[in-house]
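Structure first, then comments.
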């Protein structure tokens, strides 16, 4: 049983709850209204499937230590691009052969860079991506676009989160850009509670994305 399962991952919907991999949670006896045990982290997942991208919410027991990251954006990794341009924050070393795969948007590439920094941030305090319980993502609209690039962000997100089937434990292939689905960069069953917002601007010129997370020691 993996670490995520030991947290008694629960699906809570319509007044019922069922745990994945560990039997019925205590919430089932109380219509999902009983508070989590002091050391429990309980996820409220959407009903009807084993591959949701995010949780509806998460309850954290009173004795669970929580780590909150600062907002992180992509590192400047492309010195050949103009300073302050979105392309300056594309890290080609993250992709096979040091080339941007077909169909990968600048927002998507910046998200790979940003989520890699999130993983590094968690590692410095002894945590892993599967420990993440909440996430906030801020997206800036690319120049000339009619909307923020939610599709590119969601593709990158699945490379690092929500890419293990919660029913079978099998890896879920995910696409990069317009390419065929392939094994994810980091296998991770975690479905954090997540919010994604479009903003008018971010603190660093050229950033199209900034992400902050909370993770638990459990």
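Throughout, read-outs are computed from the coordinates displayed, never taken from laboratory work. A quick note: this is a predicted structure, and the numbers were derived from the prediction, not measured. Ideal geometry is used to build each Cβ from the backbone, glycine not excepted, and the neighbour counts take in all protein chains shown.
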Quick one: if you stick a label point 7 Å off each Cα along the C-beta vector at residue 65 and residue 170, how many nm between them?
-> 3.8
In percent, what relative contact order does the chain have, based on Cα pairs under 8 Å that are 6 or more apart in sequence?
-> 25
Order of 217, 67, 89 - criterion: other Cβ atoms within 10 Å of each residue's Cβ, fewest first = 217, 67, 89
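Using Cβ contacts closer than 10 Å as the measure, can you line up 95, 43 from fewest to most? Spell out each step's value before the answer.
Details: 95 17, 43 26.
Least crowded to most crowded, the residues run 95, 43.
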In what sequence do 149, 120 fall when counting other Cβ within 10 Å, fewest first?
-> 120, 149
Pull out a ≥ b ≥ c, the square roots of the eigenvalues of the alpha-carbon gyration tensor of the chain, then state rounded if a/c is under 1.5, prolate if not and a/b is larger than b/c, and oblate in the remaining case.
-> prolate
Segment residue 178-residue 204, extension gain: residue separation times 0.36 nm, minus the distance between their alpha carbons = 6.5 nm
Using 7 Å Cα-to-Cβ label points, what is the residue 150/residue 35 separation (nm, one decimal)?
-> 3.5
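Efficiency by 1/(1 + (r/R0)^6): what FRET value for residue 143 and residue 123, r their Cβ-Cβ distance, R0 = 45 Å, to the nearest 0.05?
On the way: r = 34 Å, r/R0 = 0.75.
E between residue 143 and residue 123, to the nearest 0.05, is 0.85.
Of the DSSP beta bridges with both residues in the chain, give the percent that are antiparallel, rounding to the nearest 5.
That works out to approximately 75 percent antiparallel.
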Gyration tensor (alpha-carbon) shape descriptor, the stretch 113-169, a/c threshold 1.5 | oblate
Restricted to the stretch 91-218, the DSSP antiparallel beta bridge percent, nearest 5, is 55
Using the Cα gyration tensor of the stretch 111-218, with a ≥ b ≥ c the square roots of its eigenvalues, what is the shape: rounded (a/c below 1.5), prolate (a/b larger than b/c) or oblate (neither)?
-> oblate
